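**Q** The structure follows.
All of the numbers you see were taken from the coordinates with simple rules; none came from a lab. What you are looking at is a predicted structure, and each value in this text was computed from that prediction instead of being measured. Methodologically, a virtual Cβ is constructed for each residue, glycine included, from the backbone with ideal geometry; neighbour enumeration extends over all protein chains shown.
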Amino acid sequence: MEELDITQLLANEQGEERPADGSEEAPDGADAQLRAMLEAIVYVIDEPLAAHQIAAALGHPVDRVKRQLDALVEEFAKTEHGLSIREVAGGYKMATKAEHHEAVRAFVKKLTPPLKLSLPALETLAVIAYKQPVTTPEIMEIRGVQGAGVLKTLLDRKLITESGRKNVVGKPILYKTTKEFLVQFGLKDLNELPTLKEFEELGRLEIAEEESAQLPLIDPEALEPEPLAPEPETAEAAIEAVEGEEPPPGNA
């Protein structure tokens, strides 16, 4: 007779099902969602966070958060993951695995430097993005300055490209943005560009934040009225109070 696993037998008596191979059960919907949230949190944090800190921020029991974090540690320890989640300085942190450091370092060295544009270049690029296809005279009219050198920079960076010629006198070149523009700014397509209404709203929020930051701090006690001197109960008492006052120096 085949010998039964005692843990399997106990699980069956308690009405629980455990896989015969001893592997862990897949998390239910709530645990799976919490585990995904924790994975995202550990990914974005700069400094290691302890389980109780994360639990307090999410409003979940510490033991439940700790259990899911430990499950993530075990999952990312597998060889098919290039990242690992480890306990560091009392908290959890995600990092690349040591065995991949050389490959990552070599890859980073071959990357092109990050995109850096001057303010005139950004202004010109914004005009082209929102008004494309657009000609050089139209760009200069909107910006109010010459910008031939800026256009060359944007062309060299492959952020804009020629888009034919406008059918007017002189047939000026039309410019439009490229796929590289979408990649550099993380856009799916041009429809994801912020609208002018959104820009206005951001501007109002920035102005409001600046004004609130410039307001002086007011001491609440300074707003309280000063106590008034008690009034004399009768006219005779008022006269006595006046006669009882010492005259100011020099008026004797």
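**Q** Sequence gap at least 6, Cα distance under 8 Å: using those rules, report the relative contact order of region 119-192 to the nearest whole percent.
**A** On the way: 86 pairs, mean separation 23.3, N = 74.
Relative contact order, region 119-192: 31 percent.
**Q** Okay, moving on. For region 145-193 and region 69-142, compute the distance between their C-alpha centroids and round to whole Å.
**A** 23 Å
**Q** While we're here: What length, rounded to one decimal in nm, is gained on full extension from Ala36 through to Lys197, with 0.36 nm per residue of separation minus their alpha-carbon distance? Before the final figure, lay out the partial values.
**A** Working: separation 161, 0.36 × 161 = 57.96 nm, distance 3.43 nm.
Between Ala36 and Lys197, full extension yields an extra 54.5 nm.
**Q** Can you figure out the FRET efficiency of Arg143 with Val108, using R₀ = 30 Å and their beta-carbon distance, to the nearest 0.05?
**A** Details: r = 36 Å, r/R0 = 1.21.
FRET efficiency, Arg143 to Val108: 0.25.
**Q** Tally Lys and Arg at +1 and Asp and Glu at -1 over the other residues with C-beta under 13 Å from the C-beta of Thr161: what net charge comes out? Mind showing how you got there, number by number?
**A** Numbers: positive: Lys152, Arg157, Lys158, Lys176, Lys179; negative: Asp156, Glu162, Glu180.
Within the 13 Å Cβ shell, the charges total +2.
**Q** Still on this model: Excluding residues on the same chain fewer than 8 positions from Lys66, give the lysines whose Cα lies under 18 Å from its Cα.
**A** The qualifying lysines are Lys93.
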